[in-house]
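Take a look at the structure below.
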Amino acid sequence: MSDTGHSALTSSLTDMMTSLMVIFVLLLVNYLGNRQSEIAQARSKTDEMQSQFSIKLREALINDVKVQKIDDYNLVVIVPEDKLQFESGMNQLNDAASIFLNQFVPVLLETYKQFESDVSLINVEGHTDKKLKENAANKYYNWDLSQERASAVMKFMFNYRKEASDSSAVDIDNFKQIALFGGRGPIECPYSEQDDEALRKTCRTVKFKIRLKSSEESKAIRDNLHGRLEGEK
């Protein structure tokens with residue numbers, strides 16, 4: 001190959017690589033722009049839900065429950081320690097917990113109904129202190145106990161009913177599709193077995209975590225719905 005031909009080939013390869021690099025950069029810029037737009041939209045929706053949830057709680061005179069933002073897609077509901085606590089080693093709802101849930105659950109369900117198309121998951125999360133039951137053979141005792149506590153709250157929620165004519169009534173079957181429960185055991189408890197009972201009992205509670213859909217989740221749901229509709233034709 002002559003020097004001229006070699007030079008022309010080298011120039012062509014250089015031009016091709018430059019073009020590919022430009023295309024890659026443009027695609028990357030477009031992706032980052034779309035991603036930033038998605039995050040901004042998610043942040044706005046999460047802020048809106050946090051605000052509306054807090055307003056509904058105040059309207060129901062539940063002023064000491066806090067709805068906190070974890071990140072752009074997740075909220076957590078912090079319940080005061082005297083509202084939803086369990087006795088040591090127990091998984092049954094006490095009278096105070098039942099009274100609280102009778103006030104709180106309708107607010108949670110009404111908020112879910114308002115944002116139903118945006119909510120990906122509602123997780124009921126049980127917790128324990130670090131004290132092991134005396135003579136407990138199972139080293140995972142507290143993990144099991146925390147899950148049983150979350151299950152007790154979930155069953156209360158599933159059994160909650162409003163009059164069918166109530167405009168704020170929620171389709172419980174739809175709610176069940178996005179509701180989960182689980183146990184975290186003592187992992188978030190900062191107090192040891194030797195600490196005072198008044199401190200340890202604050203760990204024996206349940207938290208509510210809400211996740212909003214990302215664009216990918218929304219697309220998957222739309223595709224799934226479209227597929228089912230096509231199958232019914």
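The values are calculated or read from the model by the stated rules, or taken from the named source; none is laboratory data. The structure displayed is predicted, hence computed values, not measured ones. When we count neighbours, we look across all protein chains shown, and the Cβ atoms used for this are built from the backbone with ideal geometry, even at glycine.
Candidates 72, 64: the one that is assigned to a loop (DSSP other than H, G, I, E, B) and in contact (Cβ under 8 Å) with a residue 24 or more places away in the chain is 72. Restricting the stretch 79-107 to residues that are of a type in the set (A, V, I, L, M, F, W, C) and part of a loop (DSSP other than H, G, I, E, B) leaves a set whose member that is farthest from the chain's Cα centre (by Cα) is 90. Taking first residues from the stretch 189-206 that are surrounded by 13 or more Cβ atoms within 10 Å (Cβ to Cβ) and partners that are aromatic (Phe, Trp, Tyr), the Cβ contacts under 7 Å between residues at least 6 apart in sequence or on separate chains come to 199/191; 200/191; 203/191; 204/86. Kindly indicate whether any position in the stretch 134-141 is of a type in the set (Asp, Glu), modelled with pLDDT under 95 and under 17 Å from the mean Cα position of the chain (by Cα). Within the stretch 134-141, none of the residues are of a type in the set (Asp, Glu), modelled with pLDDT under 95 and under 17 Å from the mean Cα position of the chain (by Cα). Consider the stretch 46-61 and keep the residues that are in contact (Cβ under 8 Å) with a residue 12 or more places away in the chain and small (Gly, Ala, Ser). The one that is nearest to residue 209 (Cα to Cα) is 54.
For residue 110, the requirement of being in contact (Cβ under 8 Å) with a residue 12 or more places away in the chain, in contact with a helix residue (DSSP H, G or I) (Cβ under 9 Å, 6 or more places away or on another chain) and part of a helix (DSSP H, G or I) is met.
For the stretch 84-95, the criterion of being within 19 Å of residue 191 (Cβ to Cβ) and at pLDDT 95 or above is met by none of the residues.
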